[in-house]
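Nothing in this text is a laboratory measurement; each read-out follows from the coordinates by a stated rule. Owing to the predicted nature of the structure, the values given are computational and were not obtained by experimental measurement. No Cβ is skipped: glycine too gets one built from the backbone with ideal geometry, and neighbour counts run over all protein chains shown.
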Amino acid sequence: MRAPAPFQAESFGFTCANRTQGLKKVEDSVRGRVVTTNQADLAPNQDAFAWRKIKLIVDETRGRDALTSFYGVDMTRDQLSSLIKKRKTLIEAVQDCKSLDGYVVRVFVIAFTRESQGQKKKTNYALASQQKEIRRRINEIINREVGKANATKLLELFTSEIVEKKITKEVNAIYPVRNVRVRKIKVLQRPKLDNTKLAEIHENDKRVLGKGDNKRPKGERGDKKKPQEDNEATNLLNR
């Protein structure tokens, strides 16, 4: 399995498939599969976003490689539960928008009110009119950002905190908020598959979230053990 840009180029896993039998080819059984993984496994130095689940769909196969593209974003249940607090108002906005390259996505955003500076009251409840205005402002920001982005830029936006910071900055004038999160993204419509565009999103120069190195994990380097280490292992077995 090969993830698209902006993730690293290395394989993030494997998938099973039946061998070619008659008219049923092995490639046909793999195309269209939707896989779910977390962001920490797709790019280095992304452990802070291990709670974000990325959905990818297999569009094409090249030899033993399955090339995937964007299919959705979700959040783990434990992360969502940890954000919910008492005496706060939860505000959720839903917006359908279309990207430059033809993706139609439905974006779910959540935000939580917080105390203002010098506040003594324990509760932080926003008025209905304030909630309505915050939802309208969030929908405007999401529509604007998605409308000028392609598939690669879309992933880059929603796998970082760019959108969340913009929303927090603009919404604080209405009511102070925090823990703004893009909770979920559903792909409602995808553009027609184009091999040229698929090759573009798998180019190495667009992998801004980090490029993996070619070092093999420890224990797979093929280094030979020293004779002293072999003798110590043999003695332990004899005991």
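Summary of computed values
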item	result
R0 of 45 Å, Cβ-Cβ distance residue 25-residue 129: FRET efficiency to nearest 0.05	0.15
Exceeding the 20 Å Cα-Cα cut-off - candidates 98/153; 86/169; 86/122; 53/153; 88/122; 53/184	86/169
P(r) of segment 70-190 over all Cα-Cα pairs, binned every 10 Å from zero, in whole percent	13, 45, 30, 10, 2
Of 177, 73, 30, the one that fluctuates the most in a GNM where the chain has Cα springs shorter than 10 Å	30
FRET E, pair residue 76, residue 120, Förster distance 30 Å, beta-carbon r, rounded to 0.05	0.30
Stretchable slack from residue 50 to residue 192, in nm (0.36 nm times residue separation minus alpha-carbon distance)	48.0 nm
Relative exposure of 11, 81, judged by other C-beta atoms within 10 Å (fewest first)	81, 11
Calculated P(r) of the chain - Cα pairs past 24 Å, %	56 percent
Amide N of segment 49-89 lying under 17 Å from the label point, which is placed 7 angstrom from the Cα of residue 15 along Cα→Cβ	54-73
Residue exposure sequence - 16, 97 - by fewest surrounding Cβ within 10 Å	16, 97
Fewest-first ranking of 198, 90, 127, 67, using other Cβ atoms within 10 Å as the exposure measure	127, 90, 198, 67
Trypsin sites (Lys or Arg not before Pro) within segment 68-167, DSSP loop, no more than 11 other Cβ atoms inside 10 Å	86, 87, 120, 121, 122, 148
